[in-house]
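Note sheet for the following structure.
The values are calculated or read from the model by the stated rules, or taken from the named source; none is laboratory data. None of these values were measured; they are calculated from a predicted model. Quick reminder, even Gly has a Cβ in these numbers, built from the backbone with ideal geometry, and neighbours come from all protein chains shown. Protein only, heavy atoms only, side chains kept; ligands, DNA and RNA dropped before computing areas. Shrake-Rupley method; radii C 1.70, N 1.55, O 1.52, S 1.80 Å.
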Amino acid sequence: MSITTHSYGTTKHGEKVDLFRLENKRGTLVEIINYGATITSILTHDREGTLSDIVLGFDDIAGYESADNPYFGATCGRFANRLKKGSFTLNGTSYQLAKNDGENALHGGLRGFDKQIWEAQVNADTLILKRVSPDGEEGYPGNLLVEVTFQLTEENDLRIDYQAETDQPTFINLTNHSYFNLAGGGTIRDHHIQIHADHYTLVDETAIPTGELRAVEGTEMDLRCSLAIGTHIDQVQGLGYDHNYCLNQTDGSLTIAAQVIDPSSGRTLTCLTTEPGVQFYSGNFLNSFIGKAGNIYAKQNGFCLETQHFPDSPNQPSFPSTQLNPSDRYTQTCVYRFGIEK
Ligand code: GLA
């Protein structure tokens with residue numbers, strides 16, 4: 001495994017951005033920039049041995065900084081996913097955040113972790129991206145020291161380890177927002193998916209959980225047996241899958257959450273997590289805009305498996321807690337495992 005560092009230009013604020021290229025002996029290649037701790041490329045082989053880029057993104061930093069970037073490959077925080085009306089109460093104090101998704105807050109606010117420059121350190125075969133999110137940033141309490149470690153193994157696992165510490169009680173929910181397309185382009189409706197979840201968090205029309213964990217059994221949300229994504233997608237509430245699945249395994253061990261297979265290329269993706277939930281998003285809001293190498297990304301041309309705690313947890317006392325106290329340490333791991341089905 002090797003990591004090389006390359007210049008990736010400067011942001012509109014004049015900050016220097018670097019790209020880190022991780023490559024293993026199989027020839028799998030992962031590129032990550034320290035703007036937004038963003039995965040910009042993942043190149044894997046198909047069953048014929050052809051290498052293709054299986055994540056959506058842009059060609060340059062200006063693309064990632066553009067207003068329509070839908071969090072391609074980014075690290076989302078301080079609180080990934082939605083917070084109802086952009087507010088929460090912590091130890092009797094109410095906090096109001098920016099409402100950047102209609103009436104709600106989404107993915108950490110106007111300038112979340114996805115739009116920040118992270119300090120980078122290459123340590124043997126790992127890339128460590130760190131930053132301090134200062135007290136009050138985007139309205140959240142507490143200075144939060146966050147570290148995200150990326151590692152590409154010889155077994156073809158892209159492992160992402162998250163750690164954080166705070167000096168005041170706060171809420172935290174981090175995730176990676178890569179959009180995958182295992183065929184390297186086109187629709188993802190033909191990909192097959194399996195998610196190990198008997199329940200999902202039922203949501204209102206603004207995608208905020210009602211508090212009910214609804215059984216998937218007998219509904220279009222049931223993905224417990226591998227199924228083409230397109231099978232029931234048009235019956236799903238809203239424009240397609242954009243829901244948090246409550247994983248069956250909740251003991252915090254690194255466990256398979258989901259498996260995706262693209263029958264045409266043979267590429268497979270297995271997603272493992274220590275988190276209780278995974279937001280399965282079928283790229284419903286992709287609106288034919290231009291990405292890498294002039295590729296046009298249309299609706300359902302990419303999917304995300306955002307491993308995380310449940311949306312709006314700070315306002316839902318029955319959900320697993322997302323509160324981080326100064327005496328605690330936040331840790332979680334996500335693995336994207338790449339394979340080939342013959
Ligand atoms: C998340 C949300 C989606 C959408 C995308 C970004 O995955 O759940 O509703 O907002 O981010 O476009």
**Item:** Which of Ala120, Gly266, Thr255, positive extreme of dipole for the chain (C-beta unit charges)
**Value:** Ala120
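For the chain, what's the relative contact order in percent, using C-alpha pairs closer than 8 Å and at least 6 residues apart? Before the final figure, lay out the partial values.
On the way: 920 pairs, mean separation 60.4, N = 342.
Relative contact order of the chain: 18 percent.
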**Prompt:** Just from the alpha-carbon atoms, what are the Rg and Dmax of the stretch 58-183 in angstroms?
**Reply:** 15.6, 50
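Within the accessible area of the chain, what % is carbon and sulfur when the probe is 1.4 Å and the other protein chains stay in place?
Numbers: 6310 of 13200 Å².
Answer for the chain is 48 percent, counting heavy atoms of protein chains only.
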**Message:** If the reach is capped at under 16 angstrom between alpha carbons, list the aspartates and glutamates near Lys115, excluding any in the same chain fewer than eight residues apart.
**Reply:** Glu15, Asp18, Asp60, Glu65, Asp68, Glu137, Glu138, Glu147
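With Cβ to Cβ distances under 14 Å as the rule, what net charge do the other residues near Gly184 carry (K, R +1; D, E -1)? Intermediate values should be presented prior to the final figure.
Numbers: positive: Arg47, Arg267, Lys292; negative: Asp46, Glu48, Asp53, Asp190, Asp262.
My count for the surroundings of Gly184 gives -2.
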**Asked** Quick one: which of Lys16/Lys84; Lys85/Lys299; Lys25/Lys292; Lys25/Lys342; Lys84/Lys299 span more than 30 angstrom between C-alpha atoms?
**Response** Lys16/Lys84
**Asked** Pick from Asn100, Asn123, Asn315: which residue has the top mean-square fluctuation in a GNM of the chain where Cα pairs under 10 Å get a spring?
**Response** Asn123
**Message:** How are the alpha carbon pair distances in the stretch 260-342 distributed across 5 Å bins from zero to the largest one, expressed in percent?
**Reply:** 3, 11, 14, 16, 18, 14, 10, 7, 4, 1
**Asked** Considering the chain as a Gaussian network with a 10 Å cut-off on Cα pairs, which listed residue, Glu15, Glu137, Glu23, attains the greatest mean-square fluctuation?
**Response** Glu15
**Prompt:** Hey, got the dipole for the chain? About the Cα centre, +1 on K and R Cβ, -1 on D and E Cβ, debye to the nearest 20?
**Reply:** 260 debye
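Under 13 Å from the Cβ of Asp312, count the other residues' Cβ atoms, weight Lys and Arg +1, Asp and Glu -1, and hand me the total. Can you show the working numbers first?
Numbers: positive: Arg82, Lys84, Lys85; negative: Asp101, Glu103, Asp204, Glu212.
That works out to -1.
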**Å² per residue, accessible surface of the chain at 1.4 Å** = 39 Å²
**Prompt:** Which of Asp161, Asp46, Asp328 moves the most in a Gaussian network model of the chain with Cα springs under 10 Å?
**Reply:** Asp328
**Item:** Net dipole in debye of the stretch 1-99 [+1 Lys, Arg Cβ; -1 Asp, Glu Cβ; about Cα centre; nearest 20]
**Value:** 660 debye
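Any idea what the relative contact order of the stretch 187-309 is, in percent, if you count C-alpha pairs under 8 Å spaced at least 6 apart?
Working: 269 pairs, mean separation 32.1, N = 123.
For the stretch 187-309, the relative contact order is 26 percent.
Rounded to whole Å and sorted largest first, what semi-axes of the equivalent ellipsoid does the C-alpha gyration tensor of the chain yield via the square root of 5 times each eigenvalue?
Values: eigenvalues 153, 128, 70 Å².
In descending order, the three semi-axes are 28, 25, 19 Å.
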**Request:** Please sort by residue number the GluC sites (Glu not before Pro) in the stretch 174-280 whose DSSP state is loop and whose Cβ has at most 11 other Cβ atoms within 10 Å.
**Result:** Glu205, Glu217
**Prompt:** Between Asp190 and Val122, what is the spin-label point distance in nm, taking each point 7 Å from the Cα along the Cα→C-beta axis?
**Reply:** 3.8 nm
**Asked** Summing Lys, Arg as +1 and Asp, Glu as -1, what charge do residues with Cβ under 11 Å from the Cβ of Ile32 carry, Ile32 excluded?
**Response** -1
**Message:** What are the ³J(HN,Hα) couplings of the stretch 262-268, residue after residue, when phi is run through the Karplus curve with 6.51, -1.76, 1.60 and θ = phi - 60°? Round to Hz, x for glycine and proline.
**Reply:** 9, x, 5, 9, x, 5, 10
**Request:** Work the Kirkwood hydrodynamic radius out for the stretch 154-246: mean of 1/r over every pair of different alpha-carbon atoms, inverted, in Å.
**Result:** 15.9 Å
